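Novice: Here it is, the structure in full.
The values are calculated or read from the model by the stated rules, or taken from the named source; none is laboratory data. Because the structure is a prediction, the values reported are computed rather than measured. In this analysis, Cβ positions are derived from the backbone assuming ideal geometry, glycine residues included, and neighbour counts consider all displayed protein chains. Calculation scope for accessible area: heavy atoms of the full protein, side chains included, ligands and nucleic acids excluded. Shrake-Rupley method; radii C 1.70, N 1.55, O 1.52, S 1.80 Å.
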Amino acid sequence: MTNKLERLQKVIAQSGVTSRRKAETLIEEGKVKVNGKVVSQMGTKVSSTDKIEVNGIPLEKEKPAYYMLYKPRGVISSVKDDKDRKVVLDFLPGIDQRLYPVGRLDYDTSGIILLTNDGEFAQLLMHPSHEIDKVYVAKVRGIPTSDDLKMLRKGVHHEGEKLKAVHVKVLSTDKTKQTAIVQLTLHQGKNRQVRRMFEAINHPVSKLKREQYSFLTLQGLQPGEYRELTPHEINQLRQEAKKEK
């Protein structure tokens, strides 16, 4: 039986050490060795019997792991924080694999965040051209008009970036308190995007939750709880990301 050959940067990314893009940079910088020799050629392919070192540390291929966490508000979407604030990994204390979040959710935003040690999978989901639906529900000050919603769909400019929603609708309004609950679907994943979009139309967000990531929902989870993704869900996410748009 032949030993399957795979691109070096893909193998490094799948090990959970870093993303595929960073792996390519490390190869170019001469920081990767295969069987004791420095490899800086991007097209290099390796097999499972090859000994790979990254920054002098042997690569150990971890078993791929895929989790979904209901991130509470007041938590950093990171593996560690220099200010000693709570991070997403604090909610998965018993997991041995070296996990990191797929994308980010703001400190004050709750909801679905995925964590994995599969760099290839993470890159696939985060690439903007793959147009994964991310559904948010925002409580905003003031009641947006239909023209406001149209602007969000068309795209607003904020700090030199065009930010747009794929779908947007008002779920409920409170005329007494002058607030509204609005649902948005995004494909982009810009920093603080939903908050910036509502700031641009003068309806600041007071509360924000990501309720859906592709077909995944928060059903059955409380804030701070997590669960493992099923093989079917992982495969479905891959297929969703690879669909021709």
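Novice: Mean separation of Cα pairs under 8 Å and 6+ residues apart, divided by the residue count of the stretch 146-245: what relative contact order is that in percent?
Specialist: 17 percent
Novice: Keeping the other protein chains in place, figure out the carbon and sulfur percent of the accessible area of the stretch 129-227, with a 1.4 Å probe.
Specialist: Ligands and nucleic acids excluded, carbon and sulfur reach 46 percent.
Novice: Would you please state the base-10 log of I(q)/I(0) at q = 0.10, 0.17, 0.18 1/Å for the stretch 114-245, with intensities from the Debye formula using one equal scatterer on every alpha carbon?
Specialist: Per q value, in the given order, log10 I(q)/I(0) is -0.37, -0.96, -1.04.
Novice: If you wrap a convex hull around the alpha carbons of the stretch 5-136, what volume per residue comes out, as a whole number of Å³?
Specialist: 125 Å³
Novice: Which aspartates and glutamates, on any chain, are close to Lys190 with Cα under 18 Å apart, when same-chain ones fewer than 8 places away are left out?
Specialist: Partners within reach: Asp106, Asp108, Glu131, Asp133, Glu159, Glu161, Glu199, Glu211.
Novice: Determine the percent antiparallel among the DSSP beta bridges restricted to the chain, to the nearest 5.
Specialist: Beta bridges within the chain, antiparallel portion: roughly 90 percent.
Novice: Under a 1.4 Å probe, what is the accessible area of the chain per residue, stated in Å²?
Specialist: 56 Å²
Novice: Related question: Which whole-number percentage describes the relative contact order of the chain, with Cα contacts under 8 Å and a sequence gap of 6 or more?
Specialist: With pairs under 8 Å counted, the relative contact order is 20 percent.
Novice: What value, in deg cm²/dmol to 500, does the helix sum -39500 (n - 2.57) over DSSP H runs of n ≥ 4 give at 222 nm once divided by the residues of the chain?
Specialist: That comes out to -6000 deg cm²/dmol.
Novice: Moving on. For the stretch 74-121, give the percent of accessible area contributed by carbon and sulfur heavy atoms, probe 1.4 Å, rounded to a whole number.
Specialist: Carbon-and-sulfur percentage of accessible area, whole number: 44.
Novice: May I ask you to derive the FRET efficiency for Ser78 and Lys190 from their Cβ-Cβ distance with R0 = 22 Å, giving the value to the nearest 0.05?
Specialist: Step by step, r from the Cβ atoms, then E = 0.80.
Novice: If I take every Cα pair under 8 Å that is 6 or more residues apart in the stretch 103-185, average their sequence separation and divide by the length, what percent do I get for the relative contact order?
Specialist: 28 percent
Novice: Okay, moving on. Just the projected area, averaged over all directions, of the convex hull on the alpha carbon atoms of the stretch 141-180: how many nm²?
Specialist: About 3.1 nm², averaged over all directions.
Novice: Expressed as a whole percentage, what fraction of the accessible surface of the stretch 1-61 belongs to carbon and sulfur atoms when a 1.4 Å probe is rolled over the protein heavy atoms?
Specialist: Ligands and nucleic acids excluded, carbon and sulfur reach 47 percent.
Novice: For His167, tell me the accessible area in Å² from a 1.4 Å probe, rounded to the nearest 10.
Specialist: We get 110 Å² for His167.
Novice: Per residue, how much space in cubic angstrom lies within the convex hull of the C-alpha atoms of the chain?
Specialist: Considering the Cα atoms of the chain, their hull volume per residue is 164 Å³.
Novice: Shape call for the stretch 1-62 from the C-alpha gyration tensor, a ≥ b ≥ c root eigenvalues: rounded (a/c under 1.5), prolate (a/b greater than b/c) or oblate?
Specialist: Since a/c stays below 1.5, the shape of the stretch 1-62 is classed as rounded.
Novice: Past 30 Å, Cα to Cα: identify those pairs from Lys33/Lys243; Lys51/Lys71; Lys164/Lys207; Lys31/Lys243, in the order given.
Specialist: Lys33/Lys243; Lys51/Lys71; Lys31/Lys243
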